[in-house]
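To start, the structure itself, in structure tokens.
The values are calculated or read from the model by the stated rules, or taken from the named source; none is laboratory data. What you are looking at is a predicted structure, and each value in this text was computed from that prediction instead of being measured. Note that each Cβ is placed from the backbone with ideal geometry, even for glycine, and that neighbours are counted across all protein chains shown. All accessible areas refer to the heavy atoms of the entire protein, side chains included, with ligands and DNA or RNA removed. Shrake-Rupley method; radii C 1.70, N 1.55, O 1.52, S 1.80 Å.
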Amino acid sequence: MTETIRLAHHVGGRAVDGAMTFSQASPSNPDDLVVEGPEADAALVAEAVANARSAVDALDQVGIEARADALSRIGRTLLANADRLALLATRETGKTINDAKGEVVRAARTFDFFAGEALRNIGERFASTRPGAMVEVDYAPVGVVAAITPWNFPFAIPAWKIAPAIAFGNAVVWKPSEIASASADAFRAILAEAGLPVGTVEMLLGAGGAGAALTGADGVDAISFTGSVATGNRVVRAAAEKGVRAQMEMGGVNGLIILDDANLDVAVDCAINGAYFNAGQRCTATSRIIITDGIADRFIAAFIERAKALKIGDPRDPQTQIGSLAAFKQKTLIASQVEQAEAAGFKPLIGGSADARPHAFFAPTLFDNAAPASLLGQEEIFGPVAGIFRVRDFEEAMTVLNNNRYGLSSSICTRSLVHAEQFKRRARTGMRMVNMPTAGADYHAPFGGVGISSFGPREQGRAARTFYTTLHTTYQLAV
Ligand code: ADP
């Protein structure tokens with residue numbers, strides 16, 4: 001029996017129904033679950049933004065200690081509900097139960113971290129160059145923050161936007177992805193029980209139309225977006241037209257350099273994790289394996305052996321390492337990119353379009369002899385697909401690595417201090433990893449890229465304050 005979940009928006013502390021406009025069938029087993037939801041229109045967006053505006057004032061009244069307490073409570077409730085939340089995300093988006101649980105724990109820790117940050121929003125006071133005068137720097141809330149989130153981390157990404165927003169006194173109008181709305185709604189219910197003022201987190205559902213209505217709305221003071229480059233560029237333009245602060249985290253075509261002197265086991269671990277875990281659906285996933293000639297063949301043999309041993313299947317089974325893609329439309333997209341690469345003459349060593357799988361499952365795929373200028377070298381493929389780029393030496397590896405408009409994450413596997421140091425200085429990416437996978441960032445450290453991967457101030461860690469506050473400089477002369 002298929003379970004059907006029908007969702008509603010949540011505005012002003014109550015459910016607001018609407019005609020069902022989108023639906024998401026479980027991508028690993030469409031007979032298991034169908035999620036349906038309505039699309040927010042401009043009138044509902046206006047109502048949500050007005051409620052959020054009132055909540056900004058209420059959050060100021062509440063004060064930092066009560067906000068910190070509420071954030072801690074949310075963290076604890078997320079942990080207490082980790083199994084239930086994880087299972088829902090697994091059924092809705094095809095991610096493995098272990099990955100989903102790990103993500104809920106990460107979301108909980110993010111709330112804990114920002115509970116502390118709420119109490120550490122400390123300014124400065126120092127002497128002016130003008131005798132007798134003082135300078136003060138303080139960090140006030142921005143106001144109403146629109147959060148537009150994707151489906152690949154339905155708890156972690158909303159958490160790292162919503163937690164700092166509340167810590168620094170902002171209210172949020174959240175538009176989750178239509179592919180992960182049931183997970184988002186379960187998260188919202190936990191946020192709603194934390195004792196924060198009504199309107200602190202308003203939730204509007206829908207696809208791109210609802211997102212566009214929110215980014216174009218009057219009264220929004222800042223927009224934090226994570227998603228594709230194409231959509232992110234639209235959101236940046238909408239923000240610029242309104243004169244609104246924007247923060248965009250978008251994709252990556254992340255490169256992993258493996259040099260002859262690498263520890264082979266570490267390199268294979270990094271590549272398998274980076275390329276295939278989460279079915280390659282992380283913006284920091286490895287899609288380019290840039291490898292020097294002396295180790296390439298040994299690496300490929302070991303990589304293929306590991307890839308073939310991966311347990312791919314029912315994401316609800318704790319033994320499963322790789323689930324399905326998040327949606328059937330994603331499978332169509334990834335398959336067409338892989339077919340294009342094959343048509344251009346690149347040959348998959350494993351996987352590829354010939355390896356058909358049921359539902360939204362896609363075979364881990366590895367292309368050999370990929371060319372830097374080809375689709376494999378330049379375009380993001382948001383699935384378990386990687387290319388081997390063979391290079392002569394470190395210099396050529398750096399040239400291939402930096403030959404891309406994206407710039408989110410990169411990694412090097414080497415035991416050479418000189419090459420590791422050179423890599424750190426020259427890799428044109430916001431995130432750099434040494435003997436670690438391109439994917440997998442801590443919740444207490446800043447996260448973000450350069451090039452077309454990111455726009456605006458960094459997310460996460462203490463760096464989050466820059467986006468979620470307005471800095472004031474006040475001069476005062478006591479006379
Ligand atoms: P994907 O293609 O991976 O789903 P998107 O970038 O399209 O990634 O989606 C990320 C988020 O942006 C989702 O919540 C989506 O509904 C939303 N979105 C899509 N189109 C727009 C738009 N024009 N304006 C604002 N948000 C949008």
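Hey, could you check segment 70-92 for residues that are without any contact (Cβ under 8 Å) to a residue 60 or more places away in the chain and of a type outside the set (A, V, I, L, M) and say which is surrounded by the most Cβ atoms within 10 Å (Cβ to Cβ)? Write out each step before concluding.
Filtering segment 70-92 down to residues without any contact (Cβ under 8 Å) to a residue 60 or more places away in the chain leaves 72, 75-76, 79-80, 82-83, 86.
Narrowing further to those that are of a type outside the set (A, V, I, L, M): 72, 75-76, 83.
Working: Ser72: 18, Gly75: 24, Arg76: 14, Asp83: 12.
This residue is Gly75.
Select from segment 360-379 the residues that are over 13 Å from Ala335 (Cα atoms) and not aliphatic (A, V, I, L, M) and list them in ascending order.
Passing the criteria: Phe367, Asp368, Asn369, Pro372, Ser374, Gly377, Gln378, Glu379.
Of all the helices (runs of 4 or more DSSP H) wholly in segment 196-278, which have at least 1 residues that are farther than 21 Å from Ala441 by Cβ and hydroxyl-bearing (Ser, Thr, Tyr)? Write out each step before concluding.
Working: elements: 208-215, 229-242, 264-276.
Ranges flagged: 208-215, 229-242.
For residues that are open to solvent by less than 20 Å² (accessible area, probe 1.4 Å) and of a type in the set (Gly, Ala, Ser), scanning just segment 294-313, find the one that is farthest from Gly232 (Cα to Cα).
Out of the qualifying residues, it is Ala296.
Only residues that are open to solvent by 30 Å² or more (accessible area, probe 1.4 Å), under 28 Å from Gly323 (Cβ atoms) and within 24 Å of the chain's Cα centre (by Cα): list them for segment 1-24, please.
Correct list: Ser23 only.
Look through segment 215-242, keep the residues that are open to solvent by 50 Å² or more (accessible area, probe 1.4 Å) and hydrophobic (A, V, I, L, M, F, W, C), and return whichever of them is farthest from the ligand (Cβ to nearest atom).
If we take residues in segment 215-242 being open to solvent by 50 Å² or more (accessible area, probe 1.4 Å) and hydrophobic (A, V, I, L, M, F, W, C), then Ala240 is farthest from the ligand (Cβ to nearest atom).
Only one residue in Glu249, Glu193 is under 30 Å from Ser23 (Cβ atoms) and within 18 Å of the chain's Cα centre (by Cα), so which one is that? Show your work before the answer.
Values: Glu193 fails: within 18 Å of the chain's Cα centre (by Cα).
Selected residue: Glu249, the only one of Glu249, Glu193 that is under 30 Å from Ser23 (Cβ atoms) and within 18 Å of the chain's Cα centre (by Cα).
Quick check, is Arg282 free of Cβ contacts under 8 Å to residues at least 12 places away in the same chain and either within 16 Å of the ligand (Cβ to nearest atom) or touching a Lys or Arg at 6+ places or on another chain (Cβ under 9 Å) (or both)?
Working: free of Cβ contacts under 8 Å to residues at least 12 places away in the same chain: no; either within 16 Å of the ligand (Cβ to nearest atom) or touching a Lys or Arg at 6+ places or on another chain (Cβ under 9 Å) (or both): yes.
In short, no.
With the structure loaded, tell me whether Pro38 is crowded, with 20+ Cβ neighbours inside 10 Å and either within 23 Å of the chain's Cα centre (by Cα) or among the small types (Gly, Ala, Ser) (or both) or whether it fails that test. Can you show your working first?
Working: crowded, with 20+ Cβ neighbours inside 10 Å: yes; either within 23 Å of the chain's Cα centre (by Cα) or among the small types (Gly, Ala, Ser) (or both): no.
It is false that Pro38 is crowded, with 20+ Cβ neighbours inside 10 Å and either within 23 Å of the chain's Cα centre (by Cα) or among the small types (Gly, Ala, Ser) (or both).
Residues checked against (1) assigned to a loop (DSSP other than H, G, I, E, B); (2) away from the ligand (no atom under 16 Å from the Cβ); (3) in contact with a Gly (Cβ under 9 Å, 6 or more places away or on another chain):
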{"residue": "Arg125", "(1), (2), (3)": "no, yes, no"}
{"residue": "Pro131", "(1), (2), (3)": "yes, yes, no"}
{"residue": "Val137", "(1), (2), (3)": "no, yes, yes"}
{"residue": "Ala140", "(1), (2), (3)": "no, yes, yes"}
{"residue": "Pro150", "(1), (2), (3)": "yes, no, yes"}
{"residue": "Ala163", "(1), (2), (3)": "no, yes, yes"}
{"residue": "Ser177", "(1), (2), (3)": "yes, no, yes"}
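Quick one: count up the residues across segment 165-175 that are within 23 Å of Lys101 (Cβ to Cβ) and away from the ligand (no atom under 13 Å from the Cβ). Full working, then the answer.
Narrowing segment 165-175 to residues within 23 Å of Lys101 (Cβ to Cβ): 174.
Those left that are additionally away from the ligand (no atom under 13 Å from the Cβ): none.
So the answer is 0.
What is the number of the single condition among (1) out of contact with any Cys (no Cβ under 7 Å at 6 or more places or on another chain); (2) part of a helix (DSSP H, G or I) that Arg288 does not meet?
In the conditions (1) out of contact with any Cys (no Cβ under 7 Å at 6 or more places or on another chain); (2) part of a helix (DSSP H, G or I), Arg288 misses (2) alone.
Please work out which one of (1) more than 16 Å from the ligand (Cβ to nearest atom); (2) under 25 Å from the mean Cα position of the chain (by Cα); (3) in a loop (DSSP other than H, G, I, E, B); (4) crowded, with 16+ Cβ neighbours inside 10 Å is the condition Val338 fails and give its number.
In the conditions (1) more than 16 Å from the ligand (Cβ to nearest atom); (2) under 25 Å from the mean Cα position of the chain (by Cα); (3) in a loop (DSSP other than H, G, I, E, B); (4) crowded, with 16+ Cβ neighbours inside 10 Å, Val338 misses (3) alone.
With the checklist (1) within 21 Å of Pro38 (Cα to Cα); (2) within 13 Å of the ligand (Cβ to nearest atom) in hand, flag the one item Arg188 doesn't pass.
Looking at each condition in turn, Arg188 falls short on (2).
Is it the case that Pro197 is within 16 Å of the ligand (Cβ to nearest atom) and either crowded, with 21+ Cβ neighbours inside 10 Å or modelled with pLDDT of 95 or more (or both)? Steps first, answer last, please.
On the way: within 16 Å of the ligand (Cβ to nearest atom): no; either crowded, with 21+ Cβ neighbours inside 10 Å or modelled with pLDDT of 95 or more (or both): yes.
No; evaluated as a whole, the condition is false for this residue.
Let me spell it out: the conditions are (1) at negative phi; (2) surrounded by 24 or more Cβ atoms within 10 Å (Cβ to Cβ), and Ala212 meets all of them except one. Which number is the exception?
(2)
Does any residue in segment 24-39 that is within 23 Å of Arg357 (Cα to Cα) come within less than 9 Å, Cβ to Cβ, of a residue that is at pLDDT below 95 and surrounded by fewer than 23 Cβ atoms within 10 Å (Cβ to Cβ) six or more places away or on a different chain, and which pairs are these?
Between residues of segment 24-39 that are within 23 Å of Arg357 (Cα to Cα) and residues that are at pLDDT below 95 and surrounded by fewer than 23 Cβ atoms within 10 Å (Cβ to Cβ), the close pairs are Asp31/Met1.
Which residue is farthest from the chain's Cα centre (by Cα), if the candidates are limited to segment 265-293 and must be surrounded by fewer than 24 Cβ atoms within 10 Å (Cβ to Cβ) and under 20 Å from Glu396 (Cα atoms)?
My answer is Asp293.
Would you please name the residue that is farthest from Ile452 (Cα to Cα), looking only at residues in segment 245-264 that are within 14 Å of the ligand (Cβ to nearest atom) and surrounded by 23 or more Cβ atoms within 10 Å (Cβ to Cβ)? Step through it out loud before you land on a result.
Here is the first cut: in segment 245-264, the ones within 14 Å of the ligand (Cβ to nearest atom) are 246-252.
Next, only the ones that are surrounded by 23 or more Cβ atoms within 10 Å (Cβ to Cβ) stay: 247-252.
On the way: Gln247: 12, Met248: 10, Glu249: 9, Met250: 8, Gly251: 8, Gly252: 8 Å.
Within segment 245-264, the match that is farthest from Ile452 (Cα to Cα) is Gln247.
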